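Take a look at the structure below.
The values are calculated or read from the model by the stated rules, or taken from the named source; none is laboratory data. Only a predicted model underlies this, so the values are computations on that prediction, with no experimental measurement involved. Don't worry about glycine lacking a Cβ; one is built from the backbone with ideal geometry, like all the others, and counts go over all protein chains shown.
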Amino acid sequence: MRTTTFKDCNILRLLVFVILPLCAIVYGASHPSGYYAGLINLAGIYIILVASLNLVNGFSGMFSMGHAAFMAIGAYISAFFTLTPAQKMASTPGLPEWLINANLPFVVALIIGGACAVVVALIIGYPVLRFKGHYLSIVTLGLIVIVRAVLDNEGEYTNGARGITGLPPKSNTVVIFIIMAIVLYFLFRLIRSQYGRGLIAMRDDDVAAQTLGINLASKKLSAFCISAFITGMAGGLFGHMQSVISGKFYYFDLSFRVVQTSIIGGMFSLSGAVPGGIIMAYLPEVLAPLETGVKLFGHQLPEMYGASNLIMAIILILIIIFRRQGLMGEHEFIVESMFSKDTYTSLFKKEEYLNIGRAFRDLFTGKWRKSKKALPEDIDNTPPVV
Amino acid sequence: MSVLLEASELNMHFKGLKAVNNFNAQIEKGSICGLIGTNGAGKTTVINMLSGVLVPTSGKIIFDGKNITGVRPDKIAKMGITRTYQNLRLFKKMTVLENVIIGAQMHDKLDPLGIVGNTIPHKRREAELKDKSMEMLKVMGIEKYADHISGSLPYGSQRKLEIARVLAADPKLLLLDEPAAGMNPQESAELTEIIRGIRDRYGLTILLIEHDMKVVMGLCEYIYCMAFGEIISEGLPEAVRNDPKVIEAYLGRGAVHAEN
């Protein structure tokens, strides 16, 4: 008999991965200007970003380091459609007249921002992605620099290094998490379909994938564009959350932070975005007091500027040494339980309640049973950990 | 019988190295052809050219009446030439079943609406793919491993999995690169039966590279023998086996005299 683990309990999955997050979202939505609402929103945006980055870095085996550039494009373009004409006249007078007068609903502006990111992704992806190897990483790094240079120097259109201020604070918790749910669902369906299988095949062995009818160039380009679109939207959300956008916010710092998040959570799993995003949103806040000097066990610690970055770096190194596949590895149970019917129907099944009891029992007796005798049929029937 | 694949005057030169020189072959529909030769004779290069992985320096490949010289590998695969690899190229992190599904889905058109909406036709198609892949695993006799990670399989089964994977793609011509390498005599005898079985069952044409002469002589109806990039002998198995040039290539000049 197989031991029951907590992972088999759909009710627990419902509690941890659906109801608990919903409570956080409801809290964030009802205290829109609170400190925690800001953190919850940031976590949501990180989750969107990392999920879209994982599609490129984890599932299709390319490695993009320049997703901040797509965020910047998404943020600026969407801002052009949500600012009032008076604001645009003041900060970006170089825009054509129709754009100055344009005012669109927030979600439409986000989608246009994403679409512009796709155009840029196509332009740089088309020549680069037909080669093998790490060309894409280098080119995307260059893209960040290019985008920054354009934003800082085209003052007519972007207000230069001063950036654009006064974006309407439209990305509230509800919008962010609805978009997050849609993005996660879309990506989840994508990787579980023939398209996603093709991507993973391409990552594992591109030559074999090619001789099995997979067109590498179009597969890479399409995955890159899908990722750029989502990242562009997330950039718009990020801009409207901070209500200030400027080239310096979308530079190496942010780009590497997203890559770091993706590595900590697990590149090869969409679910990795969830713990990764939450950790990256909260940990800097927890560590922030260190920088200004904190009283710990009665001792006044000195001011240590940069201490939180140092600690984040150490965490990243430890993860790479001890759990290279990231926290989630290749497991998909977080996203799976969010979108599986079984999770929601479990409340009405007696069997599911019994499962919790079994899981507790096996937690205490499992070790003993394993050591007693490993039945041969146990070995045969249990599929290896996926 | 009609000719399925015709290669004429194929050359593959890597700078000064003539890996394959003036390769001519005609493969008849429904036959099992063997390609043998010493190490470094250029056998795998031929398969690489036929499957589109390498573009020949010169020459022409006609498959099923169409010129496929220089066509992209994925297009060639969709036309019906699939291949296996000498050094195994499995998708190691996927399960065995998923590996085969990759082959089975080859001819499918992308269905964005079905993917996103998880529609009923999409679900039905996924189920079909799964059934077909299970069938292929059964044909190769490795269905019990369906849920295992493919990299964890025993070597012989990995070879069989590779064949199952390409078989699921409904090929017309199967190129097998050393299918019996690393198998013990019993396994390779089994494989011989399986290969003949799938040829009869699915009406395939097979070109195989193999060093195990028991497999080659047991299976092939026509044999090409290569040495140093050129075909040195071709014909029925018996004739090739007794050809002094072949014996010389394998065993050296002395061996021919020793036999006499």
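Here are the numbers for this structure:
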| item | result |
| --- | --- |
| Check on B:A127, among the small types (G, A, S) and not in a helix (DSSP H, G or I) | no |
| Residues within the range A:1-52 that are among the hydrophobic types (A, V, I, L, M, F, W, C) and surrounded by fewer than 18 Cβ atoms within 10 Å (Cβ to Cβ), tallied | 13 |
| Wholly within the range A:8-70, helices (runs of 4 or more DSSP H) carrying at least 2 residues that are under 24 Å from A:H331 (Cα atoms) and of a type in the set (S, T, Y) | A:35-54 |
| Hits in the range B:62-87 - residues which are at the interface with chain A (Cβ under 9 Å from one of its Cβ atoms) and of a type in the set (A, V, I, L, M, F, W, C) | B:I76, B:A77, B:I81 |
| Residue within the range B:168-186 that is touching a Ser or Thr at 6+ places or on another chain (Cβ under 9 Å), over 22 Å from B:I36 (Cα atoms), basic (K, R) and surrounded by fewer than 19 Cβ atoms within 10 Å (Cβ to Cβ) present | no |
| A:L167 being touching a Leu at 6+ places or on another chain (Cβ under 7 Å), part of a loop (DSSP other than H, G, I, E, B) and not small (G, A, S) | yes |
| Residues within the range A:140-167 that are crowded, with 18+ Cβ neighbours inside 10 Å and hydrophobic (A, V, I, L, M, F, W, C), tallied | 6 |
| Test: residue in the range A:264-276 that is over 30 Å from A:V18 (Cβ atoms), surrounded by 15 or more Cβ atoms within 10 Å (Cβ to Cβ) and not acidic (D, E) | no |
| Filtered residue count, the range B:133-161, keeping only those that are among the basic types (K, R), within 14 Å of chain A (Cβ to nearest Cβ) and buried (at least 18 other Cβ atoms within 10 Å of the Cβ) | 1 |
| Residue among B:N87, B:N48, B:N99 that is of a type outside the set (F, W, Y), outside any strand (DSSP E or B), under 19 Å from the mean Cα position of the chain (by Cα) and at pLDDT below 90 | B:N87 |
| Residue list for the range B:189-243, restricted to those being within 14 Å of B:P179 (Cα to Cα) and among the acidic types (D, E) | B:E190, B:E193, B:E210, B:D212 |
| Residue match in the range B:233-253 (condition: of a type in the set (D, E), within 20 Å of the chain's Cα centre (by Cα) and surrounded by 14 or more Cβ atoms within 10 Å (Cβ to Cβ)) | yes |
| Extreme residue, farthest from B:A180 (Cα to Cα), among residues of the range B:89-121 that are more than 9 Å from chain A (Cβ to nearest Cβ) and touching a residue at least 40 places away in the same chain (Cβ under 8 Å) | B:A104 |
| Qualifying residue in the range A:108-115 (condition: modelled with pLDDT under 90, among the small types (G, A, S) and surrounded by fewer than 19 Cβ atoms within 10 Å (Cβ to Cβ)) | no |
| Test set (1) part of a helix (DSSP H, G or I); (2) among the hydroxyl-bearing types (S, T, Y); (3) more than 7 Å from chain B (Cβ to nearest Cβ) - A:Y195 fails condition number | (3) |
| Selection status of A:M202, away from chain B (no Cβ under 14 Å) and of a type outside the set (D, E, K, R) | no |
| Residue under evaluation A:I214, criteria (1) at the interface with chain B (Cβ under 10 Å from one of its Cβ atoms); (2) touching a His at 6+ places or on another chain (Cβ under 9 Å), criterion not met | (2) |
| Number of the exception - B:S2 against (1) within 21 Å of B:A168 (Cβ to Cβ); (2) at pLDDT below 90; (3) of a type in the set (S, T, Y) | (1) |
| Residue match in the range A:254-263 (condition: more than 14 Å from chain B (Cβ to nearest Cβ) and more than 30 Å from A:G160 (Cβ to Cβ)) | yes |
| So A:K132, is it under 30 Å from B:M94 (Cα atoms), out of contact with any Asp or Glu (no Cβ under 6 Å at 6 or more places or on another chain), in a loop (DSSP other than H, G, I, E, B) and not aromatic (F, W, Y) | yes |
